[in-house]
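Please treat every number below as a calculation from the coordinates, not as lab data. All figures in this text were calculated on a predicted structure; none of them were measured in a lab. A quick note on method: Cβ atoms are made from the backbone with ideal geometry, for glycine too, and the neighbour counts reach across all protein chains shown.
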Amino acid sequence: MENLNNDVLYIDVSKMNLKERLKNVGKCRWELPKDAKPGMRVPALFFLSEKLLKDVEEGAIEQAANIAFLPGIYKHSIALPDMHFGYGFPIGGVAALDFENGGLSPGGIGFDINCGVRLLRTNLTVDKIKPKVRELLESMFKNVPSGVGETGKIKLSFSELDEVLVNGAKWAAENGYGTEKDLEFLEENGCMKGADANKVSNEAKKRGAPQLGTLGAGNHFLEIQVVDKIFLPEVAKVFGIEKPGQVCVMIHTGSRGFGHQVCTDYLRILESRFRDEIRSLPDRELVYAPSGTKECEDYFSAMACGANYAWTNRSLIMHWIRESFVNILGMKIEDIGLEVVYDVAHNIGKIETHEIDGEKKKVYLHRKGATRAFPPGSPEIPKSHQNVGQAIILPGSMGTSSYLLVGTETAKDTFYSTAHGAGRLQSRSGALRHLRGEQVKADLEKRGILVKAATWKVIAEEAPEVYKEIDEVARVSDEAGIGKRVVRFLPIGVIKG
């Protein structure tokens with residue numbers, strides 16, 4: 001800063017932190033200009049309220065800027081309302097790279113490939129199940145193995161696992177874990193094309209074979225919820241949700257150790273093969289497989305296997321949840337009505353076509369901690385949802401609300417993407433320094449929320465206060481036009497891995 005005795009101050013912008021350079025460009029929209037860091041090809045666009053922006057780490061802002069260095073990137077790099085620091089991309093990061101002149105970056109998809117959420121609706125009201133919630137949680141906890149390193153109830157050979165990797169949730173339905181009707185309401189119908197089990201390492205298969213049908217740990221959960229508020233009744237009705245007090249179930253998990261190993265394997269391959277490309281990037285965690293290379297095609301095929309594994313995983317878990325409800329409530333499944341509203345991925349790469357500057361462009365769409373949000377009329381969404389748009393599932397943190405939203409045409413500004421959850425405010429190690437799992441559980445139960453978990457540690461790590469306010473994240477998605485609120489749910493029973 002110079003000329004302190006004059007009215008005009010000259011500021012060296014190179015010494016400003018990036019958050020200070022953000023400019024408000026619309027309701028809940030901020031832009032970081034592409035001259036903020038030399039080498040940015042496009043600006044970075046953030047969908048945040050001032051309240052959410054205060055909590056965003058400078059490192060996450062820089063990661064969003066770093067995405068803009070990737071070749072073939074269109075329009076802008078994008079950060080969503082739940083953004084926070086991640087590996088390569090911030091969690092809540094989106095980028096569209098040209099199909100022919102861009103590539104695929106594992107850091108823009110994540111280690112837990114197709115970590116996602118499945119929402120089930122029931123015919124039940126809270127009064128019907130309230131006395132049985134504890135029993136339901138106990139049964140679900142026994143039926144669905146939870147926690148770090150837990151193995152599943154089914155044992156697969158490598159050849160059987162290969163069938164899962166190629167066929168996805170269709171394999172589950174054909175083997176009695178779910179129905180053909182379920183598949184209609186899964187993103188990609190639960191099976192991503194292009195999967196090739198030969199592109200997956202034996203190490204990944206060794207990790208994946210015993211873990212299919214398990215919840216895992218961390219922020220993964222099973223939750224019994226109650227409809228609290230309906231914002232758009234006519235839209236909610238299309239999704240089978242008709243009144244406050246209606247019981248729903250949410251499943252949040254992904255591809256377990258299998259997806260993590262696939263990502264790890266290909267990061268090693270790409271870091272070895274594309275050293276020159278890494279040198280052109282501000283962060284080696286953004287390493288990418290350039291379009292048209294064998295490595296790009298191989299990684300896409302392996303990633304698709306990870307996505308199919310995750311859809312199958314959620315189908316097995318859904319099947320065992322249905323069993324628990326039937327056994328504990330003593331009712332027929334037809335009367336309970338545990339039917340799929342929708343299932344969305346939020347760590348995934350897709351080949352999509354988007355209209356960009358008046359032209360249709362084929363792109364590698366990276367969604368890292370981001371949910372697809374297609375508008376009404378999109379051929380990719382179920383026929384019965386065509387008039388309202390794609391269902392978006394936005395889970396909150398343990399003990400807070402969750403949301404069902406719907407895709408909009410104005411979400412084209414994010415390549416039809418929106419937030420995937422609350423987003424962490426505090427690290428797990430930070431949470432453990434001042435929280436005790438026993439106290440967190442007691443506090444939740446005073447509010448009428450029962451909790452079942454593999455360890456006290458995970459309850460402390462996942463306490464509500466270590467996450468952003470989900471109500472604010474949902475409000476910002478709505479006000480920014482990237483996902484309209486339809487229903488808010490409140491939890492009455494939670495299982496943590």
Please list, or write none, the aspartates and glutamates whose alpha carbon is within less than 14 Å of the alpha carbon of LYS484, excluding same-chain residues fewer than 8 places away.
GLU234, GLU409, ASP471, GLU472
Helical segments meeting 20 Å axial Cα length and Kyte-Doolittle -1.0 threshold in the chain (DSSP H):
256-273, 294-329
Relative contact order (percent, whole number), region 323-439, Cα cutoff 8 Å, 6+ residue spacing:
19
So, in nm, how far is label LYS362 from label GLU50 when the simple model puts each one 7 Å beyond its Cα toward the Cβ?
4.6
For the chain the mean separation of alpha carbon contacts under 8 Å (6+ apart) over residue count, i.e. relative contact order in percent, is 21
Going from the fewest other Cβ atoms within 10 Å to the most, one would list TRP311, TRP320 as TRP320, TRP311
Local net charge near VAL144, Cβ-Cβ under 11 Å (Lys/Arg +1, Asp/Glu -1)
+2
Listed pairs LYS23/LYS383; LYS142/LYS457; LYS27/LYS468; LYS170/LYS362; LYS132/LYS229 exceeding 30 Å between Cα atoms:
LYS23/LYS383
Only residues of region 306-338 count here: report those whose backbone N is under 17 Å from the spot 7 Å along Cα→Cβ of ILE154, or say none.
306-324
Ranking of LYS412, LYS243 by count of other Cβ atoms within 10 Å, fewest first:
LYS243, LYS412
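What is the gain in length, in nm to one decimal, between GLU180 and LYS237 on full extension, counting 0.36 nm per residue of separation less the C-alpha to C-alpha distance? Show your work: numbers first, answer last.
Values: separation 57, 0.36 × 57 = 20.52 nm, distance 2.20 nm.
Fully extending the segment from GLU180 to LYS237 adds 18.3 nm.
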Which order results if PHE374, PHE274 are arranged by neighbouring Cβ count within 10 Å, fewest first?
PHE274, PHE374
Dipole in debye (nearest 20) - region 48-148, about Cα centre, beta carbon charges: Lys, Arg +1; Asp, Glu -1
760
